[in-house]
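Asker: This structure is in C-alpha cells; I'll ask about it shortly.
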Amino acid sequence: MVISAAVATAVLAGVAACSSGQDPVKADAPVSRVSGKISITYLQKQGDQEYFIGEAAGAKARAAQLGVDLRVVNLGNDANKTVSEVQSAVAQKADGVIIVVPDPAVGPQVVQTTREAKIPLLTSDDQICANGPDPASCDKANLVPRIGFSGAQMGGEVGKRAAEEYRKAGWKAADTRIVSAWKPDVTVCGDRVNAAKKAFDAGAGAQVKSIDVPTDNTPTGAQDKIAATITANAGVKHWVVWGCNDENVQGGVTALQNAGISPSNVIGVGLGAYLACKDWSGGKPSGMKAALFINGKDVGALAVQTMYDKLKNGKAFPAEAFAPTTMVDATTWKSAGATCS
C-alpha cells in the first residue's frame, strides 16, 4: 500500500509525551537504533471490526514494504488481555509496540511495562495517559504519541453535514431532538461529539435541544440506550443522530426505525461509513443520510512507518499525526472506496 500524500504529510501537534513519577525516561526518549530486521507488535481492540481489519491490512502492507516483522493481535474488548499481550511482546523481544487500547484505564500499566523494557510505545486511534486512567484529564506532556484522526476535525465535519441536512429538511427546532451517543471514558469520542455539536449550532440556524446518551460504542448497546431515549421523548417528530462512530449512529437509526419513525424524519450522520453503507446498499430510504469515511488502512500504514522511522533512524515520534477523511453518502460511498462490514 502506498500512503497518500495527505497522510505522508501528517499534521503534527503538541509536544512528545513524557514520563511521571520516579521514572525519568520520556515516552519518546531516544533509543538505540535497531540493526537488522525490525520486529513490531501491533495490539488492536475490536480487531474483527471493519475499520480495524483495514488498519491491520494497512499495517501489514507497509511492514512488508519496509521488511518489518509485524505481529498483529486482536485484543477484543479485554483490558486484561491488553496487559498480558504487552508483557508477551516484551518477552518476545519486540523492538516496538503499537496499541489501540480497549480501555484507557490500562494506560499507566502499559506505559510502565514498555518503559521498563526500554521499548518505544506508540498508540493509534485512541489516546492513553502515562500517569492516569483518563486521557481527558491528562496533561498533554503525559499523553503517549498517537497516530489516527483528529477527533475535533471529524466531529466538526459530522456536525456540519448534519446542519446542512437539517436546513434542507426544513424542520422546526421545537419538535426536533439531537441524539449524541458515545462511550464517555474514551477521550477521542468526547472530542468528536463536542465538535459535532459546535459545528451544528454554527450551521443549523437554530438552537436544537441535544440529548447526550452514554453507550458502550456498539450497535446493540447504542440501540438499547437510544430506544429508551425515544420512549422518554414520545412527542418528538424529528431526530438528528450522531455519535463517536458508525456503531452509535447505526444503533440510533435502528432504534428510531423500530419505534415507527419514518426515515424522512431521521438525519443520521455516521462516523466510519463501514456500517452506514449497509443501509445504502439496499437502495431503500434510510435515516442514515451521510457518514464520514475514515480509512483504517492509512492509519495502520502510518503507524508502522512512524515506528519504523523511530527504530531505524532515531526519528522522534510526533505527538500526533492525522490521516485524511471524506464525507460520503448513498451516491458517493463506493467511489470513495468505503467497504461495508
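The values are calculated or read from the model by the stated rules, or taken from the named source; none is laboratory data. Model, not experiment: these values are computed from the prediction. Cβ: placed from backbone, ideal geometry, glycine included. Neighbour counts: every protein chain shown.
Asker: From the list LYS297, LYS278, LYS315, exactly one residue is among the charged types (D, E, K, R), out of contact with any Leu (no Cβ under 6 Å at 6 or more places or on another chain), more than 23 Å from PHE200 (Cα to Cα) and at pLDDT 95 or above. Which is it?
Answerer: LYS315
Asker: Do we find that VAL241 is β-branched (Val, Ile, Thr), within 29 Å of GLY283 (Cβ to Cβ), modelled with pLDDT of 95 or more and part of a helix (DSSP H, G or I) in this structure?
Answerer: No: the conditions fail for VAL241.
Asker: Here's a follow-up. From the residues in the range 213-236 that are of a type in the set (A, V, I, L, M) and in contact (Cβ under 8 Å) with a residue 40 or more places away in the chain, which one is farthest from ASP185 (Cα to Cα)?
Answerer: For the range 213-236, the residue satisfying everything is VAL236.
Asker: Which of the residues belonging to the range 269-302 are farther than 27 Å from LEU43 by Cβ, buried (at least 24 other Cβ atoms within 10 Å of the Cβ) and in contact with a Ser or Thr (Cβ under 8 Å, 6 or more places away or on another chain)?
Answerer: Those that are farther than 27 Å from LEU43 by Cβ, buried (at least 24 other Cβ atoms within 10 Å of the Cβ) and in contact with a Ser or Thr (Cβ under 8 Å, 6 or more places away or on another chain): CYS277, ASP279.
Asker: Still on this model: Could you tell me whether LYS81 is among the basic types (Lys, Arg), at pLDDT 95 or above and on the phi > 0 side of the Ramachandran plot?
Answerer: Answer is no for this residue.
Asker: Just checking, how many residues over the range 139-156 are in contact (Cβ under 8 Å) with a residue 60 or more places away in the chain and part of a loop (DSSP other than H, G, I, E, B)?
Answerer: So the count comes out to 4.
Asker: May I ask you to list the residues in the range 67-118 that are touching a residue at least 60 places away in the same chain (Cβ under 8 Å), in a loop (DSSP other than H, G, I, E, B) and farther than 23 Å from PHE149 by Cα?
Answerer: Within the range 67-118, VAL68, ASP95, LYS118 meet the criteria.
Asker: Hey, among ALA199, ALA136, which residue is among the aliphatic types (A, V, I, L, M), assigned to a helix (DSSP H, G or I) and either in contact with a Ser or Thr (Cβ under 7 Å, 6 or more places away or on another chain) or at pLDDT below 95 (or both)?
Answerer: Answer to the check: ALA136.
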